[in-house]
Every structure is written in structure tokens, then in C-alpha cells.
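A.B. asks: Quick one: structure below, then a few questions.
The values are calculated or read from the model by the stated rules, or taken from the named source; none is laboratory data. In this text, all values refer to a predicted model and were calculated from it rather than measured experimentally. When we count neighbours, we look across all protein chains shown, and the Cβ atoms used for this are built from the backbone with ideal geometry, even at glycine. These area figures cover heavy atoms from the full protein model, side chains too; ligands, DNA and RNA do not enter into them. Shrake-Rupley method; radii C 1.70, N 1.55, O 1.52, S 1.80 Å.
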Amino acid sequence: MVDLESEVPPLPPRYRFRDLLLGDQGWQNDDRVQVEFYMNENTFKERLKLFFIKNQRSSLRIRLFNFSLKLLSCLLYIIRVLLENPSQGNEWSHIFWVNRSLPLWGLQVSVALISLFETILLGYLSYKGNIWEQILRIPFILEIINAVPFIISIFWPSLRNLFVPVFLNCWLAKHALENMINDLHRAIQRTQSAMFNQVLILISTLLCLIFTCICGIQHLERIGKKLNLFDSLYFCIVTFSTVGFGDVTPETWSSKLFVVAMICVALVVLPIQFEQLAYLWMERQKSGGNYSRHRAQTEKHVVLCVSSLKIDLLMDFLNEFYAHPRLQDYYVVILCPTEMDVQVRRVLQIPMWSQRVIYLQGSALKDQDLLRAKMDDAEACFILSSRCEVDRTSSDHQTILRAWAVKDFAPNCPLYVQILKPENKFHIKFADHVVCEEEFKYAMLALNCICPATSTLITLLVHTSRGQEGQQSPEQWQKMYGRCSGNEVYHIVLEESTFFAEYEGKSFTYASFHAHKKFGVCLIGVRREDNKNILLNPGPRYIMNATDICFYINITKEENSAFKNQDQQRRSNVPRSFYHGPSRLPVHSIIASMGTVAIDLQDTSCRSTSGPTLSLPTEGSKEIRRPSIAPVLEVADTSSIQTCDLLSDQSEDETTADEEISSNLEYAKGYPPYSPYIGSSPTFCHLLHEKVPFCCLRLDKSCQHNYYEDAKAYGFKNKLIIVAAETAGNGLYNFIVPLRAYYRPKKELNPIVLLLDNPPDMHFLDAICWFPMVYYMVGSIDNLDDLLRCGVTFAANMVVVDKESTMSAEEDYMADAKTIVNVQTLFRLFSSLSIITELTHPANMRFMQFRAKDCYSLALSKLEKKEREKGSNLAFMFRLPFAAGRVFSISMLDTLLYQSFVKDYMISITRLLLGLDTTPGSGFLCSMKITEDDLWIRTYARLYQKLCSSTGDVPIGIYRTESQKLATSESQISISVEEWEDTKDSKEQSHHRSNHRNSTSSDQSDHPLLRRKSMQWARRLSRKGPKHSGKTAEKITQQRLNLYRRSERQELAELVKNRMKHLGLSTVGYDEMNDHQSTLSYILINPSPDTRLELNDVVYLIRPDPLAYLPNSEPSRKNSICNAVAQDSREETQL
């Protein structure tokens, strides 16, 4: 080893640090040789080739010079023809000899010498071993014909007047122009479209043909009519245009032969050029061309990147994007790798969209296509995933690559990305706005189980609407429902607001209540100027600042509102009353056709709580004490807040000491110790002290820890929530978390049963084993035995998730076929079961709970068509399953991503409402049911005051359930929908609706079957008298149909009971006669203050965060339990 090191020579002197300081003295004696390296071969030929051919800029200059020489030679020929005096006679010598002046001859000789030298030099540099290939090229032959005679005339003066067809240089000029354009494209590093090149070639070919014909006819007619250049031009144009006037014709046989040859050439060359141009035009139509740089710099545009563009996706995007007034001047550039669909092409040809939408066929992974779309100048880029693919993970991977490519190409372009699976979300954290489909879907389906129709509530909030849907319907509930659906979330700075400026320095609940009372707007959240977090209902202790950004729900934003004082209202001579029926809409809820609201500034002076409008109705002479509602305080009182139920768990307050001890031993509150994917927001939940063994999570199989094999054996106190899914994906974790959140009372926790087609993996089981009362079972909703084992007979809700394997079908809308039929079977077998279904296509929701001969459903179908013809974005909103929140499509939430371009806070607010994010101090969405004990409150305004003054809750809407009309009213409805102008039918329907609603608080509302029989008996009494035979036959048919339905229902009940007996299950919980088909439900978002409360109304509330009022030691006490159980599994979540 030492010997090897001794053989290593020392460093040369010039590389020593000592020599660097003292100077290099001995490098001259070094025997090393300096070597120079060249990028190209260092020969004279290679240097010339580099200058004339390889270098783009120098080659471009050479070709431009060559092009100029050819044009100069053609110009000199024209000058020679114009200066020549036509000689008399018909001798053939006039064809071969011309009169050429000496200066003109000198110029032509100079041009010929330069051209010939350049041609020989370029031929030498392009020589590749075959000299005949260089000589027989058409450009070289033309150069020889046009240059060699002039060079010979230098040595033989008698040949100076020899005719030389110099006009053929136009073809050499065309060839030089094509090469020059190619070099120009290479020099500026820019790919020009082939369309431009082809058009240039076609035009130059036409010009060369015409110029050659003009010069040839003029020269050959020197022995004939002696035509000038203008006459020759006239003849060529008339001939090539196939007009042929005949006033100018060639006389000599040579000119005639030349014309025939030129026509043959034109017939061969021009069709080929036109065919290539047409082909390129068709290809350009498919690819979409380019979005010009000039337009990108002078106009605003956004880019939509999709893997495949469907007509539904396109129309949803365009309708939502252009619904905002300030986006009317924007352009939409669609970048899609597939060819444009026929339906999409038909839509984009509509003038309204053809001037705004530009379709480019290309990939977001290619910088050339991103340059075509001018991505670096775009205002935003929307990247959407293809949810119809079978492999959704692969679709997410494509979306991630697109997002990376756009971020690399245009770092400053805002990104709006849609991702499907939550485990892929952390790859695109750099995006400005991200919507994870499965996160939102499962959280929304979970809230549907505890807050009915949450999916409909969120869908209506994120859609842009003017609230005009259903206003011409004869149904009163459709008018109210359609009007309230126009409410959206807006924002404004408090000091700039007319709504909220007067509440500076006052509590949040005080501002929310009085703003709703005065203006009809619902204040739901705020954000500090120095904080990015939005707080939903921060509670009565939050004091409003002048710089706070207020978020409120209203028909339109404040900037589009016109305010009307109380005095002006009195001068208008319009009679006013406090209440005109159960659904009267006030002035401040009416929106004009152009989106401007006239808001009534009502009197906000303090009124006596025992006034006539708030008193309870008296029954006979019995005196009842009138309850009073405490006023909402401007500044929160600490003592009053502590008496509220914000902090305490109602279930804990109502339990005995023994139950409380056992409950505390069973459950704890803390953060889940294990998350199935990276990027999930931590949520404070009810947890177990110790995780459940995986064998105990299986509902239908016993183990060494328990012997239960079906849901009935567990003896649950609350009804089940069953989720039917294909696989246990990570998104299903977001279904469990909202149902186990810390603010849910322990007594109200529903057991969760996951009915899975495929067994879950250990990774998922490790995440759910910490939650109480969460089980799974391998089975399918296709199998009745599996449904009965998982406890469908005593389940509160059945959630049917769309299967990934069925999302793709040959016919797009058939992707939901299996889900729809399965749910219809469930609906027929278990009519009392509340089924919540997810569909791929919103258009298929009309098949949910389908009844072919139901007149009311047919009337709603006609109403939907009417609304769609009017251009409504929510034409499906009147379908009973959607209005009741029993059907949902995740594609309806695509508008959330589109709307975030204008309202960047919408995604954050939606995540807070769904419980996906938990911000300290921010409230949560919950609900309360109006019982008979609450009817003394009477109106929505008094309920608002009651909640704000007692618990600090802020109501945002009502979920109302009514009895559905039967045969007689159904026929009237269908007639009225067809004839919108029939005011008589409309009045009758409104009167019947008012009487019907006023009776909903009676005892019969709890017994729909008795109520239906009583109404049929009343109609039979009213129908006494002369009747038509047609009505009698219709009545008999209806009775037979009812009898058939009853027999079919009994047959289905017997089938279910027999299967339950076969499985050893008790049939006590199966209620075959409870039928919910005669009810309809709908949502009223931010109803007017004077809206009458009805029995069984469900009120949506935003409740303050209970942890915001706890002492500092309280969270640490609760977190200590979670920290203890999290130690053993914390390492598994590390990357």
C-alpha cells in the first residue's frame, strides 16, 4: 500500500498552491500540449456549411438575399419588356432574339453570376456522394437555364440579345421563400402552424403560375397580336377563372400550345395544393389552433385542462363561470388531449359560446401546447379529474402530473385542482384551491344522516341562482323553495357595509340577529384582517371590528341592493300586514330580474315581547301565560353564557352517577391517533380508551370477545346508520369522523355499519378501531340476507355510495343503472327506511323512488322541463328525492371549484360546514327539531332571537316536511303546469295549499294513512251530485290500483319476514305498513323573518365552538387521554 502511494507523481507545479502564491517558474519546461476542442469539424468546408446551412440566423440571411436576387431578376425582365419597342413582322427570329440595352444586360449578367456562384456553392456544401442528385434537381436546372446564357454572352457578345426565360426565376423565388420561412421558424425557436405554411405555398404557386403564363403568352405573341403585359394578364385571369370571354385569344400555334400546357399544370398542381389545405384546415378544426399572444396580452382568459370533455361538464362550467357579471369579458381556453366530441362541437357553435370558448386539442404535459394556450398569461387554470374512469387512482395521477406541468411552465398562474382520492391530495398542496371529491362526498353523506338534506343545502349554496325557479308554479312550496334557493354566501368589510356597519363594537350574535331582523340577511361568519382563518359563528363573546370581513347569506350581495326606507314604503299605498299565510315572502326577500334587491328597512325599535304578534293563541277561556324571549345582548354576559348548553354534553347531564362513571370509562374525547392518509385535518372526536380488536369489528361473525352475529343481538339503543360501499377507501374515514365529533352528544351517537363488497385492508381497520360503535360486514345490497343481518329493519338511514366499478359504461348515463335498481328494490322492500343515494349523473335522479303512474311526479317532470327551457342551472331541484336530500351527485359540487375563482372563501366555508376542517373558535353545523313545545315561538324571527339570546346559535334555514297531495290535486297540478297562464287554477291551488298546511299541526299529521282516508272520505262527500261516466271509471281504476298496491306491499312484507325467520331474526322491528310516499320535504335557506314555524320543522344551526369557552386547563385534560392511547400507533403515520 505504501509502495503504491509512493508511485503516485506529485501535482504539476502550476496546480500547487505555493506556485499560485509565489508564481509559476517552471511551467515553460513542462512537456504537456494544449488541446483545443471544437463543436464542429475545423475544416473550411464545415465552416462554410455552418455559415450557409446549419446556423439558423446566417442561413436565414443567405436565403433572404437569394430571394431578393430572384425577385430582382423578374423585375429586370419586366423592365426589359416594357422598354422594348415591338417590331413589325411575323418572323420566328422575334421569338429567339430581343432588344436588350447594355446597362440592363450588365445588371442581368451580375445577377446571373451571383446566383450561379451561390447555387454551385450550396450544391457543393450539400454534396453527399451522389452528384447526379444535385445536378438533376429542378432548382439547379432552372438556375443553369437562366444564368449560363448571360455568362456565355460575356465571352460571345453577339449573344447579348438572346432571349432568356428569366421569368422562370419566380419559381426559384418561391423555393427560396419556403426555405426562408423554415429558417425563420428555427431562428426564433417557435413552431408555426402548418396551416400558415400551406396557405403561403398555395398563394405563391398561384402567383408563379399566373406570372409564368403572362410572360410566356406575351413573348410568344410577339409574332402574333403583339400583346402587352396587361393584355396577357387579362387573358390569364379570364382563362384560369373559366370565364373565357374570347375577346383576347392566342393566334400562334406556339402560344396555344403553351396555354394548353399551363392549364394542364394548373389542373395537376392546384388540386393537390387545395387538398392539402383542406386537410390541414380539418386538422386545425380538430386541434383548435392557437390562442394568439396579442389576445392573451389584451384580453383575460382562463384555461380548463381535462382528460376528456363531456357536454355536462362543459355546460356546468360555462353556466357557473359566466353567471358572475365581472367574468363576462373573460375567455375560456379548453386544453384537452382528445378530439372534440360531436355534442361539444355543436354547443361551441352557438354564438353565445363560439365567441367566448376556444377549444385546443393538446396535452398539459407539453410545453408547446401550454404555449398555444398562453398559460403564462392566464388568469387561472382549472384542472379537473375524470371521475368516470374505472381506475380513479390513475386518473388522480394524471391530474397530479398536469398540475406539476402547469406549475413548472407558469409558476404565477393560480391553480384550481380537483382530485378524487384524499391520499393523493398532499401531492398538490402547492395549488391555490383544491377540492377532494371523496372528502366532500363522504362528509356530506354523513351529515345527511344527522342534519337531513345537508347535501341539498350545500348544493344550493354553491350554485349561482337568482331565485326565479318555480315562481310561475301553482304550488306554494315550489315558490318558496325556488325563491330561497337563490341565497348564496357573500362577503363585505364591516366598515364599508350598510348591513353591518352599525354593529361595530357589538357581539357577533347581536349583529347576526339584528341584521336578519332589519335586512333579512344571515350573518354566518367573520374573518379578522390579520388572520386567514374564517370563523363560523364565533359566538356571543366575539366583538365585531371595523376591519372584519363579514360572510353572510342573502339573495344577492349588498353592492347590488337598493335600500328602501320605511317612510317610502308607507307612501307607496301598499297595504301591509304582519302575516298573510304561512309562506308570504316579505319585500326584502324579493329579487328583481336583473339581480338587484329592494330591501325594506323595517322598524328596529325595541318592541314588547308580549305584544300581539308574539302572543300564544288562547284556547277558549283558558288563560295561558305568555312566554317571553330574552333580548340579544350587545355585549355578552358571562353569567348568561355559562348557563347555556354550549359546553356541556346533554347526555352527560341526564345520566345517573353510575351511568356517568361507566360512560367515562368507555369513551374519551381526543384526536384520532391514526389517520389513514396524509393531509387529513385533525378533529376532536369521541374515542375509545383502547382500540377494538379487529375481530370485534366484524358485525356478522362472532369471536372470542363477543358472540354476536347480527345487528339485533348487540342491542343498540339508537338506530343504525348503514353505509353500502364497494371498497373501504380512505375517503370513508371522513364519513365516520363527523358522526363521532366531540360536539355530538354521547346519547345521540348512532352505530355505524359498513356494508362492503370487498373486505377492508388492515390499514383502514387500524384507523377506525378507535371509534366507538363502528362495525363492518362483507356483503352487498343485492343480497336480502346481507341487508337483514346488518340491521336494515331498524336502521335510521341507509347510505348507498356509488360503486367505482360501475362509474364507466358504454352509454354514459347507464353508469347508475345498477345503483338505481338496487335502491328501488330497497325502497319497495323497506318503505319506511330513509335511503340516501349517491349517483354519478345528476340527470338520473328522476329515476329515484320511481313511480310510473304517479301524476304528481309527472307534473314535476313537466316543471323541470319548463325550468330547463328558461336556462335554469338548477332545473332538477324540484325533484322530490333531491329536495328531500335523499339523492346526491358529486358532480353537483364541481361548481364549488368554479365559484372559488370569484369567491376564494367558498371552499373554506364549505369544509367548515361539513366538519372537514376545525378552526379553533369556529362553530359547526347541527340541527334541531321543532316540537309542539316550541310552537309558541311561532315565527322564524322569534326563533332567531331565542337562539341568539340563549345558546348563541345562528339559524340558517329550515327543512320542512309536508303531506303530499293525492289523486284529485295531482290531476289539477298537471293541468296547471301545462297552462301557466291559468290564474284561476293557480288561486285554487294556493287556497287548497293554505288550508292543507294550516292543518299540519293537527293530530292527523302523525298518521298519514288515517289522514289519507279522511281526505278521501271528504272528497267522496264533495263529489255527490251529477257525475260524468269518465270520472266514475277513473275513480274505479284508482281504487283498483290502490288495492293492487296493498296486495303487492303485503306480498313483499311476507317475503322479508320469511327471510328473517329463516335467518333466525326477530320480525318485531319490521313495519310493513309505515309508508312515507305521501310526504314531500324541501329546504328554505334563510327564510324571511315572518315565516311561520310548523310542527316537525328541522332548523339548521351553526353552533359556537364549545371549546372556545373552556378554561385553558380543560383541553389539556381531555387531550391527555388521547395522547396516552396514541403512543403505540403514532409511528405508523410518519412518512
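A.B. asks: Condition test on residue 743, is it surrounded by fewer than 23 Cβ atoms within 10 Å (Cβ to Cβ) and more than 19 Å from residue 797 (Cα to Cα)? Show your work before the answer.
C.D. replies: Working: surrounded by fewer than 23 Cβ atoms within 10 Å (Cβ to Cβ): yes; more than 19 Å from residue 797 (Cα to Cα): yes.
In short, yes.
A.B. asks: Of all residues in segment 349-370, how many are surrounded by 18 or more Cβ atoms within 10 Å (Cβ to Cβ) and in a helix (DSSP H, G or I)?
C.D. replies: Of the residues in that region, 2 qualify.
A.B. asks: Can you give me the ranges of the helices (runs of 4 or more DSSP H) entirely in segment 248-345 with at least 3 residues that are of a type in the set (D, E, K, R) and either open to solvent by 70 Å² or more (accessible area, probe 1.4 Å) or in contact with a Lys or Arg (Cβ under 8 Å, 6 or more places away or on another chain) (or both)? Don't jump to the end; show me each part of the working.
C.D. replies: Details: elements: 253-287, 293-298, 311-321.
The helices (runs of 4 or more DSSP H) meeting that bar are 253-287.
A.B. asks: Being out of contact with any Leu (no Cβ under 8 Å at 6 or more places or on another chain), of a type outside the set (D, E, K, R) and under 18 Å from residue 445 (Cβ atoms) narrows it down to one residue among 732, 720; which is it?
C.D. replies: Numbers: 732 fails: out of contact with any Leu (no Cβ under 8 Å at 6 or more places or on another chain).
Every option except 720 fails the conditions.
A.B. asks: Taking only segment 747-771 into account, find how many residues are closer than 13 Å to residue 718 by Cα and either touching a Phe, Trp or Tyr at 6+ places or on another chain (Cβ under 6 Å) or among the aromatic types (Phe, Trp, Tyr) (or both).
C.D. replies: We begin by selecting, within segment 747-771, every residue closer than 13 Å to residue 718 by Cα; these are 747-753.
Checking which are either touching a Phe, Trp or Tyr at 6+ places or on another chain (Cβ under 6 Å) or among the aromatic types (Phe, Trp, Tyr) (or both) leaves us with 751, 753.
Number satisfying all stated conditions: 2.
A.B. asks: Can you confirm whether residue 774 is closer than 26 Å to residue 391 by Cα and hydrophobic (A, V, I, L, M, F, W, C)? Break it down stepwise before answering.
C.D. replies: On the way: closer than 26 Å to residue 391 by Cα: no; hydrophobic (A, V, I, L, M, F, W, C): yes.
Criteria not met by residue 774.
A.B. asks: Give me a count of the residues in segment 665-682 that are surrounded by fewer than 18 Cβ atoms within 10 Å (Cβ to Cβ) and of a type in the set (S, T, N, Q).
C.D. replies: Of the residues in segment 665-682, 1 are surrounded by fewer than 18 Cβ atoms within 10 Å (Cβ to Cβ) and of a type in the set (S, T, N, Q).
A.B. asks: Just the residues that are among the aliphatic types (A, V, I, L, M) and assigned to a helix (DSSP H, G or I), please, taken from segment 907-963. Outline the logic, then answer.
C.D. replies: If we filter segment 907-963 for residues that are among the aliphatic types (A, V, I, L, M), which is where we start, we get 907, 909, 912-914, 916, 925, 928, 930, 935, 937, 941, 943, 947, 954, 956, 958.
Listed by number, the residues that qualify are 907, 909, 912, 913, 914, 935, 937, 941, 943, 947.
A.B. asks: What do you reckon, is residue 876 open to solvent by less than 10 Å² (accessible area, probe 1.4 Å) and either not in a loop (DSSP other than H, G, I, E, B) or not hydroxyl-bearing (Ser, Thr, Tyr) (or both)? Give the steps one after another, and end with the answer.
C.D. replies: Numbers: open to solvent by less than 10 Å² (accessible area, probe 1.4 Å): no; either not in a loop (DSSP other than H, G, I, E, B) or not hydroxyl-bearing (Ser, Thr, Tyr) (or both): yes.
Here the answer is no, as residue 876 does not meet what is asked.
A.B. asks: Say we look at segment 403-422 and pick out the residues that are among the small types (Gly, Ala, Ser) and outside any loop (DSSP other than H, G, I, E, B); which of these is surrounded by the most Cβ atoms within 10 Å (Cβ to Cβ)? Write out each step before concluding.
C.D. replies: Taking segment 403-422 and keeping what is among the small types (Gly, Ala, Ser), we get 403, 405, 410.
Imposing the further condition that a residue be outside any loop (DSSP other than H, G, I, E, B) reduces the set to 403, 405.
On the way: 403: 23, 405: 20.
Applying the filter and picking the extreme gives 403.
A.B. asks: Still on this structure, please answer the following. Just one of the numbered conditions (1) open to solvent by 20 Å² or more (accessible area, probe 1.4 Å); (2) among the small types (Gly, Ala, Ser); (3) at pLDDT below 85 is not true of residue 834; which one?
C.D. replies: Unmet for residue 834, out of (1) open to solvent by 20 Å² or more (accessible area, probe 1.4 Å); (2) among the small types (Gly, Ala, Ser); (3) at pLDDT below 85: (3).
A.B. asks: Is it the case, given these coordinates, that residue 508 is without any contact (Cβ under 8 Å) to a residue 40 or more places away in the chain and of a type outside the set (Val, Ile, Thr)? I'd like the intermediate steps shown before the answer.
C.D. replies: Working: without any contact (Cβ under 8 Å) to a residue 40 or more places away in the chain: yes; of a type outside the set (Val, Ile, Thr): yes.
Yes; evaluated as a whole, the condition is true for this residue.
A.B. asks: Pick from segment 381-402 the residues that are in a helix (DSSP H, G or I) and charged (D, E, K, R): which of them is modelled with the lowest pLDDT? Spell out how you get there, then give the answer.
C.D. replies: Start the filter on segment 381-402 by keeping residues that are in a helix (DSSP H, G or I), which leaves 392-402.
From what's left, charged (D, E, K, R): 392, 396, 402.
Values: 392: 84, 396: 91, 402: 94.
Restricting to residues being in a helix (DSSP H, G or I) and charged (D, E, K, R), the top hit is 392.
A.B. asks: Which of the residues belonging to segment 112-135 are outside any helix (DSSP H, G or I) and without any contact (Cβ under 8 Å) to a residue 24 or more places away in the chain? I'd like the intermediate steps shown before the answer.
C.D. replies: Keep residues of segment 112-135 that are outside any helix (DSSP H, G or I), which gives 126-130.
Listed by number, the residues that qualify are 127, 128, 129, 130.
A.B. asks: Is it true that residue 92 is under 24 Å from residue 219 (Cα atoms), at pLDDT below 75 and not charged (D, E, K, R)? Reasoning before the result, please.
C.D. replies: Details: under 24 Å from residue 219 (Cα atoms): yes; at pLDDT below 75: yes; not charged (D, E, K, R): yes.
Criteria met by residue 92.
Listed here are the residues, each with its yes/no results for (1) part of a strand (DSSP E or B); (2) open to solvent by 20 Å² or more (accessible area, probe 1.4 Å); (3) hydroxyl-bearing (Ser, Thr, Tyr); (4) under 30 Å from residue 490 (Cβ atoms).
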site: 815; (1), (2), (3), (4): no, no, no, no
site: 824; (1), (2), (3), (4): no, yes, no, no
site: 851; (1), (2), (3), (4): no, yes, no, no
site: 867; (1), (2), (3), (4): no, no, no, yes
site: 896; (1), (2), (3), (4): no, no, no, yes
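A.B. asks: Also, quick follow-up: Could you tell me which residue of segment 29-48 is least open to solvent (accessible area, probe 1.4 Å), considering only residues that are at pLDDT 70 or above and over 27 Å from residue 109 (Cβ atoms)? So that I can check it myself, show each step before the final result.
C.D. replies: The initial filter retains those residues of segment 29-48 that are at pLDDT 70 or above, namely 43-48.
Among the residues that remain, those that are also over 27 Å from residue 109 (Cβ atoms) are: 43-47.
Values: 43: 50, 44: 152, 45: 60, 46: 34, 47: 139 Å².
Filtering segment 29-48 for residues that are at pLDDT 70 or above and over 27 Å from residue 109 (Cβ atoms), the one least open to solvent (accessible area, probe 1.4 Å) comes out as 46.
A.B. asks: Could you please tell me which pairs satisfy a Cβ distance under 7 Å, a separation of 6+ or placement on different chains, a first residue in segment 1084-1113 that is surrounded by 18 or more Cβ atoms within 10 Å (Cβ to Cβ), and a second residue that is of a type in the set (Val, Ile, Thr) and modelled with pLDDT under 90?
C.D. replies: 1094/1000; 1109/641
A.B. asks: Within segment 780-805, count every residue that is in contact with a helix residue (DSSP H, G or I) (Cβ under 9 Å, 6 or more places away or on another chain) and over 19 Å from residue 827 (Cβ atoms).
C.D. replies: 2
A.B. asks: When segment 449-460 is examined, which residues are found to be open to solvent by less than 10 Å² (accessible area, probe 1.4 Å) and either touching a Leu at 6+ places or on another chain (Cβ under 8 Å) or outside any loop (DSSP other than H, G, I, E, B) (or both)?
C.D. replies: Our first condition is that a residue be open to solvent by less than 10 Å² (accessible area, probe 1.4 Å); within segment 449-460, this holds for 451, 453-460.
Those that are open to solvent by less than 10 Å² (accessible area, probe 1.4 Å) and either touching a Leu at 6+ places or on another chain (Cβ under 8 Å) or outside any loop (DSSP other than H, G, I, E, B) (or both): 451, 454, 455, 456, 457, 458, 459, 460.
A.B. asks: Just to be sure I understand the filter: pairs with C-beta atoms under 8 Å, separated by 6 or more residues or on different chains, first member in segment 1056-1079 and assigned to a helix (DSSP H, G or I), second member among the hydrophobic types (A, V, I, L, M, F, W, C) and at pLDDT 80 or above. Which pairs pass?
C.D. replies: 1056/784; 1056/788; 1056/829; 1056/830; 1059/784; 1059/788; 1060/788
A.B. asks: On the given criteria, is residue 846 within 23 Å of residue 482 (Cα to Cα), open to solvent by 30 Å² or more (accessible area, probe 1.4 Å) and among the charged types (D, E, K, R)?
C.D. replies: Values: within 23 Å of residue 482 (Cα to Cα): yes; open to solvent by 30 Å² or more (accessible area, probe 1.4 Å): yes; among the charged types (D, E, K, R): yes.
The answer is yes for residue 846.
A.B. asks: Test each condition in (1) assigned to a helix (DSSP H, G or I); (2) without any contact (Cβ under 8 Å) to a residue 40 or more places away in the chain for residue 440 and report the one that comes out false.
C.D. replies: Answer for residue 440: the failing condition is (2).
A.B. asks: Can you go through 699, 687, 720 and tell me which one is farther than 29 Å from residue 802 by Cβ and crowded, with 18+ Cβ neighbours inside 10 Å? Break it down into steps so the answer makes sense when it comes.
C.D. replies: Details: 699 fails: farther than 29 Å from residue 802 by Cβ; 720 fails: farther than 29 Å from residue 802 by Cβ.
Only one candidate passes the filter, namely 687.
A.B. asks: Based on this model, can you work out whether residue 475 counts as in contact (Cβ under 8 Å) with a residue 24 or more places away in the chain, within 24 Å of residue 903 (Cα to Cα), crowded, with 23+ Cβ neighbours inside 10 Å and acidic (Asp, Glu)? Even if it seems obvious, please write down each step before you answer.
C.D. replies: Values: in contact (Cβ under 8 Å) with a residue 24 or more places away in the chain: yes; within 24 Å of residue 903 (Cα to Cα): no; crowded, with 23+ Cβ neighbours inside 10 Å: yes; acidic (Asp, Glu): yes.
Against the criterion (in contact (Cβ under 8 Å) with a residue 24 or more places away in the chain, within 24 Å of residue 903 (Cα to Cα), crowded, with 23+ Cβ neighbours inside 10 Å and acidic (Asp, Glu)), residue 475 does not qualify.
A.B. asks: State which residue pairs qualify: first residue under 11 Å from residue 386 (Cβ atoms) and of a type outside the set (Ser, Thr, Tyr) and inside segment 396-407, second residue part of a helix (DSSP H, G or I) and open to solvent by 10 Å² or more (accessible area, probe 1.4 Å) in any location, beta carbons under 8 Å apart, and separation of 6 or more residues or different chains.
C.D. replies: Partner pairs satisfying both residue conditions: 396/424.
A.B. asks: Here is a list: 51, 117, 155, 65. Which entry is within 60 Å of the chain's Cα centre (by Cα), open to solvent by 90 Å² or more (accessible area, probe 1.4 Å) and at pLDDT 85 or above? Write out each step before concluding.
C.D. replies: Values: 51 fails: at pLDDT 85 or above; 117 fails: within 60 Å of the chain's Cα centre (by Cα); 155 fails: within 60 Å of the chain's Cα centre (by Cα).
Selected residue: 65, the only one of 51, 117, 155, 65 that is within 60 Å of the chain's Cα centre (by Cα), open to solvent by 90 Å² or more (accessible area, probe 1.4 Å) and at pLDDT 85 or above.
A.B. asks: Among the charged types (D, E, K, R), more than 30 Å from residue 932 (Cβ to Cβ), open to solvent by 30 Å² or more (accessible area, probe 1.4 Å) and at pLDDT below 85 - does that describe any residue in segment 1069-1082? Step through it out loud before you land on a result.
C.D. replies: Of segment 1069-1082, the ones among the charged types (D, E, K, R) are 1071-1072, 1075.
After this cut, where a residue has to be more than 30 Å from residue 932 (Cβ to Cβ) as well, the list is none.
Scanning segment 1069-1082 turns up no residue that is among the charged types (D, E, K, R), more than 30 Å from residue 932 (Cβ to Cβ), open to solvent by 30 Å² or more (accessible area, probe 1.4 Å) and at pLDDT below 85.
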